[in-house]
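Novice: Below: one structure in structure tokens.
The values are calculated or read from the model by the stated rules, or taken from the named source; none is laboratory data. None of the values given here were measured: they were computed from a predicted structure. Virtual Cβ from ideal backbone geometry, glycine too; neighbours counted across all protein chains shown.
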DNA sequence: GCCAAGATCCTCT
DNA sequence: GAGGATCTTGGCT
């Protein structure tokens with residue numbers, strides 16, 4: 001089931017938390033590439049690190065638009081980053097950066113796409129463990145900026161697995177999900193929520 | 001128009 | 001652990 005618009009029409013941090021365990025799906029030339037979302041970061045309107053902090057510009061206008069749409073931007077002259085617009089109704093802007101996924105379907109295609117320059121040193125953990133890496137592996141770029149992710153098609157998010165709060169053991173900054181195939185590490189940075197698979 | 005910084009990744013030491 | 005790659009964006013003049 002593709003996640004519907006309502007999923008994204010909530011507090012940005014809440015959506016970020018709930019995106020963990022969901023499946024990011026990219027259909028490219030009829031081939032399905034997918035990965036489980038394992039690291040996210042929430043960017044709210046009032047976060048100085050957010051593109052929306054200084055108000056709407058040509059680049060960030062998607063963050064001010066309808067929830068459930070993709071905000072893709074180019075960074076460091078090399079990389080694309082995928083965000084999903086998410087915020088509650090009374091908030092002006094907000095988005096969740098997808099920082100990492102765990103490859104599930106189409107691993108060989110992802111390997112091919114990421115293979116250049118990495119050669120034999122390519123390891124599975126390196127395939128999609130970073131915002132720039134996952135967009136390269138899944139073939140996500142500026143063409144997807146503004147795309148509605150709630151209607152299926154070439155890029156969407158589906159239910160996947162839900163990670164319940166009682167699976168998380170939290171300290172002030174770090175938590176670990178118990179009972180998963182792999183242990184997970186959760187990090188809170190200010191009002192941002194970050195989680196990452198421990199390797 | 002100019003310039004510095006950037007939600008990163010990779011290679012080399 | 002440090003530094004280079006590479007180019008868009010936005011602030012400032």
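Novice: Out of A:101, A:85, I need the residue that is at pLDDT below 95, more than 8 Å from DNA strand B (Cβ to nearest atom) and under 13 Å from the mean Cα position of the chain (by Cα). Which one? Give the steps one after another, and end with the answer.
Specialist: On the way: A:85 fails: at pLDDT below 95.
Unique residue meeting the criteria: A:101.
Condition check ((1) modelled with pLDDT of 95 or more; (2) surrounded by 14 or more Cβ atoms within 10 Å (Cβ to Cβ); (3) more than 17 Å from residue A:159 (Cβ to Cβ)) across all residues:
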position	(1), (2), (3)
A:5	yes, yes, no
A:15	no, yes, no
A:18	no, yes, no
A:27	yes, yes, no
A:36	no, yes, no
A:42	no, yes, yes
A:45	no, yes, yes
A:63	yes, yes, yes
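Novice: So, residue A:151, is that one more than 16 Å from DNA strand C (Cβ to nearest atom), in contact (Cβ under 8 Å) with a residue 24 or more places away in the chain, surrounded by fewer than 21 Cβ atoms within 10 Å (Cβ to Cβ) and part of a loop (DSSP other than H, G, I, E, B) or not?
Specialist: Values: more than 16 Å from DNA strand C (Cβ to nearest atom): yes; in contact (Cβ under 8 Å) with a residue 24 or more places away in the chain: yes; surrounded by fewer than 21 Cβ atoms within 10 Å (Cβ to Cβ): yes; part of a loop (DSSP other than H, G, I, E, B): yes.
Answer is yes for this residue.
Novice: Out of curiosity, is residue A:79 surrounded by 18 or more Cβ atoms within 10 Å (Cβ to Cβ), over 14 Å from the mean Cα position of the chain (by Cα) and either in contact (Cβ under 8 Å) with a residue 24 or more places away in the chain or within 11 Å of DNA strand C (Cβ to nearest atom) (or both)? Talk me through it step by step, then tell me what you get.
Specialist: Details: surrounded by 18 or more Cβ atoms within 10 Å (Cβ to Cβ): no; over 14 Å from the mean Cα position of the chain (by Cα): yes; either in contact (Cβ under 8 Å) with a residue 24 or more places away in the chain or within 11 Å of DNA strand C (Cβ to nearest atom) (or both): yes.
For residue A:79, the condition - surrounded by 18 or more Cβ atoms within 10 Å (Cβ to Cβ), over 14 Å from the mean Cα position of the chain (by Cα) and either in contact (Cβ under 8 Å) with a residue 24 or more places away in the chain or within 11 Å of DNA strand C (Cβ to nearest atom) (or both) - is not met.
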